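Asker: Once you've had a glance at the structure underneath, I'll fire off some questions.
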Amino acid sequence: MSASRIQPAASVLSTSIKRHTGFSFHLPSYSSVSPFHHSSFSFRRSGLTRSLSVSMSVAPLEACVKASTTLPNKLGDCPFCQRVLLTLEEKHLPYDLKLVDLSNKPEWFLKINSEGKVPVVKFDEQWIADSDVITQTLEEKYPNPPLATPPDKSSVGSKIFSTFIAFLKSKDPNDGTEQALLSELSSFNDHIKENGPFINGKEISAADLSLGPKLYHLEIALGHYKNWSVPDSLPYVKSYMKSIFSRESFAKTRALPEDVIAGWRPKVLG
C-alpha cells in the first residue's frame, strides 16, 4: 500500500479493492480480457467480498462513506454516500472503500474533513466533500460514460425528498404533508410518463443517481413507520423505482433495510 493510502483504524471498517499480492480475485469467463476491459470482478480479502465494475486503466479512488450501525463490514444508510458510489459504479471506476463509524469518528478522518461528514473522495491528493461537488468532479475528470443531466431536467423530482421527510416526521394526519408528497410524486409520474423511463429519457443520468437512493429511503421508512407506499395511481413512479432498484450498481451500493429504519428512527420518534 502506498504511503498516501489511509490505514484503517479500529473504528473504520475498510473494504479495499486493490491489485496487490495477497488478494484473490475471480475473473468472469471470457475468451480474452483486454487490460483496459470494463468488466465485473469479485475481490476477496479476509472473508469480505465486494464486486464492482472496474476500469483497469484507472487507479482506485479512495472514498469514505458511512458504515452500517447494525452489521459489521456493511454500507450505512446515507443516501448521499450511495449517490457517489452509484456514480463510481455507473462510470465503471474502481474505488477503495472506507466504511467510517460516524458514532466514533477516527482522528485521521477528522483531519481530512474537520466537519466529520461523509461522503469524502480523494482526487489528486486532495479530499473532496459533498456529494454534489464529488459527482460533478467525477463527471469532469471521467466524462465517459457521460452521466450529466441537462439543466432543464436536473431539478426533476428534487422536492420529493424534503416532502417525504416532512410526511415521515408528521404527527398530524391532517397537516397536508402527505398531500404535498403525493403532489410531488404525481408531477414526477407525469414527467416519467412523457420522458421516461429515466429522468433524461432512455439513459440513466446523474439526476437518477441522486433521486434513486432517496426513493429507496422513502419506500422503506414510510412502509415501516407509516405503513404507507406509493399508490397504484402513480404507475410510472413505481416502474421507475423498480428500474432503479434492480440495477446492478444499486444492488451493490444500497443500505440494508434495517439500517434505513434505524437511521430514521430518531427523526420519527424524536
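Asker: Under a plain spin-label model, where a point goes 7 Å from the Cα along Cα-to-Cβ, how far apart in nm are Asp132 and Lys193?
Answerer: Reported label-point gap for Asp132 and Lys193 is 3.1 nm.
Asker: Still on this structure, I have one more. Please say if segment 82-188 is rounded, prolate or oblate, where rounded means a/c under 1.5 for a ≥ b ≥ c the square roots of the C-alpha gyration tensor eigenvalues, and otherwise the choice is prolate for a/b larger than b/c and oblate otherwise? Display every interim value, and only then the final one.
Answerer: On the way: a/c = 3.10, a/b = 1.44, b/c = 2.16.
Oblate.
Asker: Related question: Under 8 Å for C-alpha pairs, at least 6 residues apart: give me the relative contact order for segment 156-270, rounded to a whole percent. Mind dumping the intermediate values first?
Answerer: Numbers: 90 pairs, mean separation 32.6, N = 115.
In percent, rounded to a whole number, it is 28.
Asker: Something else about it: Cα gyration tensor of segment 55-99, axes a ≥ b ≥ c as square roots of the eigenvalues: rounded (a/c below 1.5), prolate (a/b > b/c) or oblate? Kindly include the intermediate steps, with their values, before the conclusion.
Answerer: Details: a/c = 2.91, a/b = 1.85, b/c = 1.57.
Here segment 55-99 falls in the prolate category.
Asker: I've got another one for you. Ordering Asp172, Asp96 from largest to smallest accessible area (1.4 angstrom probe), what's the sequence? Let's see the in-between values first.
Answerer: Numbers: Asp172 75, Asp96 0 Å².
In descending accessible area the options line up as Asp172, Asp96.
Asker: Using Cα pairs under 8 angstrom and six or more residues apart, how large is the relative contact order of segment 73-137, in percent? Could you put the intermediate results ahead of the total?
Answerer: Numbers: 43 pairs, mean separation 20.5, N = 65.
Contact order relative to length: 32 percent.
Asker: State the percentage of accessible surface on segment 191-245 attributable to carbon and sulfur atoms; use a 1.4 Å probe and exclude ligands, DNA and RNA.
Answerer: Here carbon and sulfur together make up 47 percent of the probe-accessible area.
Asker: Provide the packing ranking of 235-245, 143-153, i.e. peptides ordered by the mean count of other C-beta atoms within 10 Å per residue, highest first. Walk me through the numbers before you get to the answer.
Answerer: Details: 235-245: 17.7, 143-153: 12.9.
Descending packing order for the listed peptides: 235-245, 143-153.
Asker: Separate question: Which GluC sites (Glu not before Pro) in segment 120-191 sit in a loop by DSSP (not H, G, I, E or B) and have at most 12 other Cβ atoms within 10 Å of their own Cβ?
Answerer: Glu125
Asker: How much FRET efficiency would the formula 1/(1 + (r/R0)^6) give for Leu71 and Arg265, where r is the Cβ-Cβ distance and R0 is 22 Å, rounded to 0.05? Let's see the in-between values first.
Answerer: Numbers: r = 16 Å, r/R0 = 0.74.
The formula returns an efficiency of 0.85 here.
Asker: In whole percent, how big is the carbon plus sulfur part of the accessible area of segment 94-182, probe 1.4 Å, protein atoms only?
Answerer: Values: 2380 of 4830 Å².
Carbon plus sulfur share of accessible area: 49 percent.
Asker: Please give the length that would be gained between Ser246 and Ala59 if that part of the chain were fully extended, namely 0.36 nm times their separation in residues minus their C-alpha to C-alpha distance (nm, one decimal). Each step should come with its number before you reach the end.
Answerer: On the way: separation 187, 0.36 × 187 = 67.32 nm, distance 2.78 nm.
Extra length from Ser246 to Ala59 when fully extended: 64.5 nm.
Asker: For segment 51-154, what is the accessible area per residue in Å² when the probe is 1.4 Å? All intermediate terms of the calculation are to be shown ahead of the outcome.
Answerer: Numbers: 4520 Å² over 104 residues.
Result: 43 Å² per residue.
Asker: Please work out whether segment 112-270 counts as rounded, prolate or oblate from its C-alpha gyration tensor, where a ≥ b ≥ c are the square roots of the eigenvalues and a/c under 1.5 means rounded, while otherwise a/b larger than b/c means prolate and anything else oblate?
Answerer: Numbers: a/c = 1.97, a/b = 1.25, b/c = 1.57.
Cα axes put segment 112-270 in the oblate bin.
Asker: Can you figure out the FRET efficiency of Glu139 with Asn174, using R₀ = 35 Å and their beta-carbon distance, to the nearest 0.05? Walk me through the intermediate numbers first.
Answerer: Working: r = 43 Å, r/R0 = 1.24.
After rounding to 0.05, the efficiency reads 0.20.
Asker: Same structure, new question: Please compute the length gained on full extension between Ser186 and Trp108, using 0.36 nm multiplied by the number of residues separating them and subtracting their Cα-Cα distance.
Answerer: Full extension of this stretch gives 23.6 nm more.
The values are calculated or read from the model by the stated rules, or taken from the named source; none is laboratory data. For clarity, every value in this text was computed on a predicted model and none was experimentally measured. Ideal geometry is used to build each Cβ from the backbone, glycine not excepted, and the neighbour counts take in all protein chains shown. To get the accessible areas, we keep the full protein, side chains included, count just its heavy atoms, and leave off ligands, DNA and RNA. Shrake-Rupley method; radii C 1.70, N 1.55, O 1.52, S 1.80 Å.
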